[in-house]
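Comments concern the structure below.
The values are calculated or read from the model by the stated rules, or taken from the named source; none is laboratory data. Predicted model only: the values in this text are computed from it and were never measured. Positions of Cβ are generated from backbone atoms using ideal geometry, with glycine treated the same way; all protein chains shown enter the neighbour counts. Just so you know, the surface numbers come from the protein's heavy atoms only, side chains and all, with ligands and any DNA or RNA stripped out. Shrake-Rupley method; radii C 1.70, N 1.55, O 1.52, S 1.80 Å.
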Amino acid sequence: LDFPGAGLGTLTDVVRFAAGTQSRATPYPWESVRVLVLNGVHAGGAAAGETDDAAARRIEQAHDGAGALALLAGAAGATVSTVPCPASAAIESGDALPADAVEDALGLGWRLAESAVDEGADALVLAAVGVGSEAAAVALTNLTAGSEAAALLDRVVTADGGVDDTAWMIRCLAIRDALHRVRTRPRDPRSLLAMVGGGDIAVATGIILGAT
């Protein structure tokens, strides 16, 4: 095809990724795609501006085949499975998960990946519908990549479309306090998940490892 300028742009990277997962130069369409919707709840400042009710409503929509995620998945011929994840404690005052819960969450994710493959899935798509997950992900990224929370944390948008700056600041403070709390702790993968990652991120890690 004769594409002008940058051609397909960043879509080229997606096509290359697809080809890489199939060990082919030219990828073929995935035939059995499964969307795994992780539902985790983080306590404390990470959840500022969010409510359990909104997350529960979106999970219920996914169960019923309604809502944007289920409709888009249905249009693409993908199946949707919801995954309850272990609850996570407030990262500003203590670890998100105990060590044994991290192992359980990793194991759950691994088993989900294996089960999907055994049932014929040739691609997995991760989605997150929860409370406080974004702040936990930012804290984890700060620890591993050395960035700043304020640069990574997105604005907090309310249900009516407004912007909640106070909730955003509370999230930033929670991340700052969490990073200060663990500044001298070991940073091996399991410790990172326990300190700030929490249940849903640990399950996601297990899924990725199992799929790989």
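Taking (1) at pLDDT 95 or above; (2) under 15 Å from the mean Cα position of the chain (by Cα) in turn, GLY130 satisfies each apart from (1). There is no residue in segment 7-14 that is in contact (Cβ under 8 Å) with a residue 24 or more places away in the chain, closer than 29 Å to ASP154 by Cβ and either of a type outside the set (Lys, Arg) or touching a strand residue (DSSP E or B) at 6+ places or on another chain (Cβ under 8 Å) (or both).
Within segment 48-60, being of a type in the set (Asp, Glu) and either part of a helix (DSSP H, G or I) or surrounded by fewer than 19 Cβ atoms within 10 Å (Cβ to Cβ) (or both) holds for ASP52, ASP53, GLU60. All conditions in (1) at positive phi; (2) open to solvent by 30 Å² or more (accessible area, probe 1.4 Å) hold for GLY132, with the sole exception of (2). Looking across segment 156-168 at every residue that is part of a loop (DSSP other than H, G, I, E, B) and surrounded by 11 or more Cβ atoms within 10 Å (Cβ to Cβ), the one that is nearest to the chain's Cα centre (by Cα) is identified as VAL156. For segment 133-155, the tally of residues that are out of contact with any Phe, Trp or Tyr (no Cβ under 9 Å at 6 or more places or on another chain) and in a loop (DSSP other than H, G, I, E, B) stands at 3.
Residues in segment 169-212 that are farther than 27 Å from LEU112 by Cβ, touching a residue at least 12 places away in the same chain (Cβ under 8 Å) and either touching a Lys or Arg at 6+ places or on another chain (Cβ under 6 Å) or outside any helix (DSSP H, G or I) (or both): 1 in all. Among the residues of segment 61-110, those that are open to solvent by 70 Å² or more (accessible area, probe 1.4 Å), in contact with a strand residue (DSSP E or B) (Cβ under 8 Å, 6 or more places away or on another chain) and under 24 Å from ALA137 (Cα atoms) comprise PRO84, ALA87.
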